[in-house]
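First the structure, in the form of structure tokens, and then the observations on it.
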Amino acid sequence: MIFFMLLIPAILAQDDLSNCPSNLIRNSALIAHNGNCYEFVTNHNFDWQHANDDCASKGGHLVVVRSSTDNLFLMSSLRSLNFQGDVVWIGLSDQKVEGTWEWPTGEPVTYTNWAPGQPGYLAITEDCVIMKYSDGGHWHDYSCFNFLFTHHNYPWICEYKQEHFQQKTTTTTLPDRERPATTEEGVYLTPGGSATIIG
Ligand SMILES: [Ca+2]
């Protein structure tokens, strides 16, 4: 019984999607974790840029893997989603400067999980990175796009920052014709501290 009572809050914390951006579709492929929401797009195949563009169109970017814990989370999530593919795009690339790996957010690369021998010997033409499911989640550099007779369309994982929602009662100053006495509004607070008033 004690185990049961301890387990419930842990499950709720992991699966709580209430702070995920409201435009994202709620289903088993959207998972909240460690301040972010991850969308596992395993039913489509795009090249790296189109995959990142898809994430950006919804306010995110291809996933940033910041630690071995993140890498394990992504792999265990793919497993729980019964992923049938072999590779997924992550956000790392060295398209701008060969050998200088970057995340879409511009944040420092503090963790990598390259497979032995990677980045590979075709480094100049392989500028984008996949996580290989059959290789225990190790990373390999692949060509970012299709050329000649080669195709590099794969599933991908998008990452979105969680929004922090607080109920707040405020009195606003509006022209008389628009002014309610008091309004109750929802305020989305971003981690950086800026606020967007809704309602
Ligand atoms: Ca490269």
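The values are calculated or read from the model by the stated rules, or taken from the named source; none is laboratory data. Model, not experiment: these values are computed from the prediction. Note that each Cβ is placed from the backbone with ideal geometry, even for glycine, and that neighbours are counted across all protein chains shown. We work out accessible area using only protein heavy atoms, side chains counted, and drop any ligands, DNA or RNA first. Shrake-Rupley method; radii C 1.70, N 1.55, O 1.52, S 1.80 Å.
For the stretch 73-101, a residue qualifies if it is charged (D, E, K, R) and either surrounded by fewer than 14 Cβ atoms within 10 Å (Cβ to Cβ) or out of contact with any Asp or Glu (no Cβ under 7 Å at 6 or more places or on another chain) (or both), and the qualifying residues are Arg79, Asp86, Lys96, Glu98.
Within the stretch 127-147, is there a residue that is without any contact (Cβ under 8 Å) to a residue 12 or more places away in the chain and either more than 16 Å from the ligand (Cβ to nearest atom) or surrounded by fewer than 17 Cβ atoms within 10 Å (Cβ to Cβ) (or both)? Checked the stretch 127-147: at least one residue is without any contact (Cβ under 8 Å) to a residue 12 or more places away in the chain and either more than 16 Å from the ligand (Cβ to nearest atom) or surrounded by fewer than 17 Cβ atoms within 10 Å (Cβ to Cβ) (or both).
Inside the stretch 74-107, can you point out the residues that are touching a Phe, Trp or Tyr at 6+ places or on another chain (Cβ under 8 Å) and not aliphatic (A, V, I, L, M)? If you could, list the steps in order and put the result at the bottom.
Taking the stretch 74-107 and keeping what is touching a Phe, Trp or Tyr at 6+ places or on another chain (Cβ under 8 Å), we get 74-75, 77-78, 81, 83, 85-94.
If the condition is that a residue be touching a Phe, Trp or Tyr at 6+ places or on another chain (Cβ under 8 Å) and not aliphatic (A, V, I, L, M), then Ser77, Phe83, Gly85, Asp86, Trp89, Gly91, Ser93, Asp94 are the ones that fit.
Among the numbered conditions (1) surrounded by 13 or more Cβ atoms within 10 Å (Cβ to Cβ); (2) touching a strand residue (DSSP E or B) at 6+ places or on another chain (Cβ under 7 Å); (3) in contact (Cβ under 8 Å) with a residue 40 or more places away in the chain, the only one that Arg66 does not meet is (2). What do you reckon, is Gly91 in contact (Cβ under 8 Å) with a residue 40 or more places away in the chain and among the small types (Gly, Ala, Ser)? Criteria met by Gly91.
Meeting the requirement of 2 or more residues that are more than 22 Å from His44 (Cβ to Cβ) and at pLDDT 95 or above, no strands (runs of 3 or more DSSP E) wholly within the stretch 125-192 can be named.
Suppose we filter the stretch 21-60 for residues that are among the small types (Gly, Ala, Ser) and either outside the structural domain of Val88 (by TED's automatic domain parsing) or open to solvent by 80 Å² or more (accessible area, probe 1.4 Å) (or both); how many remain?
Within the stretch 21-60, the subset among the small types (Gly, Ala, Ser) is 22, 28-29, 32, 35, 51, 56-57, 59-60.
Next cut, either outside the structural domain of Val88 (by TED's automatic domain parsing) or open to solvent by 80 Å² or more (accessible area, probe 1.4 Å) (or both) only: 22, 28, 57.
So the answer is 3.
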